[in-house]
Amino acid sequence: RDLRDAVKAADAKRADAERDLAAATDAVTRAEKDAADARAASAEAAITAAAAADARLEEANAKAISAASDATRLRGELDAADASLSALREAAADASSASEELEALRAELAEATKKNGETASHTTPFAWCT
């Protein structure tokens, strides 16, 4: 009888151990599934974040290209304005020179008119001819 009781007790302990093993196996399986789910969620979050960063990079790149294009266009406009300013300066210098020549001719005309007995009250060259 002691042997039977010992066998029953051993069987009970074995059954308890098998239940504990099954529970532990289930716990490990659940933990592995949770870890896999967490890795998948983390990977999805990383992919989403990477896609968002890529979109921001594309937007920044497009803005940089637009800014470079604007800078090139503005540089061309600035070069054209510089050329216009240079032409205007040349024209102003020519006008100043012509004005000085005109004043000199008026002075010569006035002097010649005085020598010929004409009055030099007019300001237009050769007005006395009309």
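The values are calculated or read from the model by the stated rules, or taken from the named source; none is laboratory data. Note that the structure is a prediction, hence the values are computed from the model and not measured. Quick reminder, even Gly has a Cβ in these numbers, built from the backbone with ideal geometry, and neighbours come from all protein chains shown. These area figures cover heavy atoms from the full protein model, side chains too; ligands, DNA and RNA do not enter into them. Shrake-Rupley method; radii C 1.70, N 1.55, O 1.52, S 1.80 Å.
Can you give me the distance in nm between label points at ALA95 and ILE47, each placed 7 Å from the Cα along the Cα-to-Cβ direction?
About 7.1 nm separates the two model spin labels.
Can you give me the % of accessible surface on the chain that is carbon or sulfur? Probe 1.4 Å, all protein chains present, nothing else counted.
Here carbon and sulfur together make up 59 percent of the probe-accessible area.
What nm value, rounded to one decimal, do you get for the distance between LEU74 and THR29 when each label is placed 7 Å out toward the C-beta?
Distance between the two pseudo-spin positions: 6.8 nm.
Name the most mobile residue of ASP54, ASP94, ASP70, meaning the one with the largest mean-square fluctuation, in a Gaussian network model of the chain with Cα contacts below 10 Å.
Highest fluctuation of the listed residues: ASP94.
With each pseudo-label sitting 7 Å past Cα toward Cβ, what's the ARG14-LYS115 distance in nm, one decimal?
14.9 nm
Going by alpha carbons, how many degrees (0 to 90, nearest 10) lie between the helix axis of 2-115 and the longest principal axis of the chain?
Once rounded, the angle reads 0 degrees.
Per residue, what volume in Å³ does the Cα convex hull of the chain take up? Write out the running numbers ahead of the final one.
Working: hull volume 17.0 nm³, N = 130.
Looking at the chain, the number lands at 131 Å³ per residue.
At 222 nm, what value in deg cm²/dmol follows for the chain if DSSP H runs of at least 4 each add -39500 (n - 2.57) and the sum is divided by all its residues, to the nearest 500?
-34000 deg cm²/dmol
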